[in-house]
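Q: Sending over a structure as structure tokens; questions will come in a sec.
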Amino acid sequence: MQGHNLRAIRYTDLVALADQLQQTGALRAEDYLDFIGPSPEHARLDGTTDPTWNDPQDRLAVREQQLAFLKASHAEQRFIDFAAYHLSLMQYLQSLRAA
């Protein structure tokens, strides 16, 4: 986690980090795509590229908001559990940064 901060990370750096974590065994292959999420590059409804798609983003805050929304909207428990698992994984990895 040295040099990476999930509170301010570019999407391309998140992908590179996920690759490194997977190679070292710290990230399971089945968690890889959920960890990085969809690329925000073409997230606009009209299909155009968002010029800010690779700006640093607080990935932990995004996961926290997703979990809060699922709980508030009374989503199925399996979706809440899945979101909580991925948030806890990111929190754990972020804690290694400080170690």
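Q: Need the failing condition index for PHE35 against (1) aromatic (Phe, Trp, Tyr); (2) in contact with an Asp or Glu (Cβ under 9 Å, 6 or more places away or on another chain); (3) surrounded by 15 or more Cβ atoms within 10 Å (Cβ to Cβ); (4) in a helix (DSSP H, G or I), just the number.
A: Only one criterion in (1) aromatic (Phe, Trp, Tyr); (2) in contact with an Asp or Glu (Cβ under 9 Å, 6 or more places away or on another chain); (3) surrounded by 15 or more Cβ atoms within 10 Å (Cβ to Cβ); (4) in a helix (DSSP H, G or I) is unmet by PHE35, namely (2).
Q: Could you grab the pairs with beta carbons closer than 7 Å, sequence gap of 6+ or different chains, first residue in the range 73-99 and over 19 Å from ASP31 (Cα atoms), second one of a type in the set (S, T, N, Q) and surrounded by 12 or more Cβ atoms within 10 Å (Cβ to Cβ)?
A: Close Cβ pairs (under 7 Å, with a partner that is of a type in the set (S, T, N, Q) and surrounded by 12 or more Cβ atoms within 10 Å (Cβ to Cβ)) amount to ARG97/ASN5.
Okay, residues lined up against (1) of a type in the set (Lys, Arg); (2) assigned to a helix (DSSP H, G or I):
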{"position": "GLN2", "(1), (2)": "no, no"}
{"position": "THR12", "(1), (2)": "no, yes"}
{"position": "GLN20", "(1), (2)": "no, yes"}
{"position": "ARG44", "(1), (2)": "yes, no"}
{"position": "THR48", "(1), (2)": "no, no"}
{"position": "PRO51", "(1), (2)": "no, no"}
{"position": "HIS74", "(1), (2)": "no, no"}
{"position": "ILE80", "(1), (2)": "no, yes"}
{"position": "SER88", "(1), (2)": "no, yes"}
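Q: Which pairs do you get when a residue that is over 14 Å from ASP55 (Cβ atoms), found in the range 7-18, comes within reach of a residue that is part of a loop (DSSP other than H, G, I, E, B), reach meaning Cβ atoms under 7 angstrom, with the pair 6+ apart or on two chains?
A: LEU17/HIS4; ALA18/LEU27
Q: Residue pairs, Cβ under 8 Å, 6 or more apart or interchain, first in the range 29-55 and in contact (Cβ under 8 Å) with a residue 40 or more places away in the chain, second assigned to a loop (DSSP other than H, G, I, E, B) and of a type in the set (S, T, N, Q). List them.
A: Qualifying pairs under 8 Å: TRP53/SER39.
Q: Same structure, new question: Can you tell me how many residues in the range 54-74 are over 25 Å from TYR11 (Cβ atoms) and surrounded by 15 or more Cβ atoms within 10 Å (Cβ to Cβ)?
A: Result for the range 54-74: 0.
Matching residues to (1) charged (D, E, K, R); (2) in contact with a Ser or Thr (Cβ under 9 Å, 6 or more places away or on another chain); (3) within 18 Å of TYR32 (Cα to Cα):
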residue: THR48; (1), (2), (3): no, no, no
residue: ARG59; (1), (2), (3): yes, no, yes
residue: LEU70; (1), (2), (3): no, no, no
residue: SER73; (1), (2), (3): no, no, no
residue: ARG78; (1), (2), (3): yes, no, no
residue: ALA83; (1), (2), (3): no, no, yes
residue: ARG97; (1), (2), (3): yes, no, no
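Q: ASP55 fails exactly one of the following numbered conditions: (1) part of a helix (DSSP H, G or I); (2) at pLDDT 95 or above. What is the number of that condition?
A: (1)
The values are calculated or read from the model by the stated rules, or taken from the named source; none is laboratory data. Model, not experiment: these values are computed from the prediction. Reconstructed Cβ throughout: ideal geometry from the backbone, glycine too, with neighbour counts over all protein chains shown.
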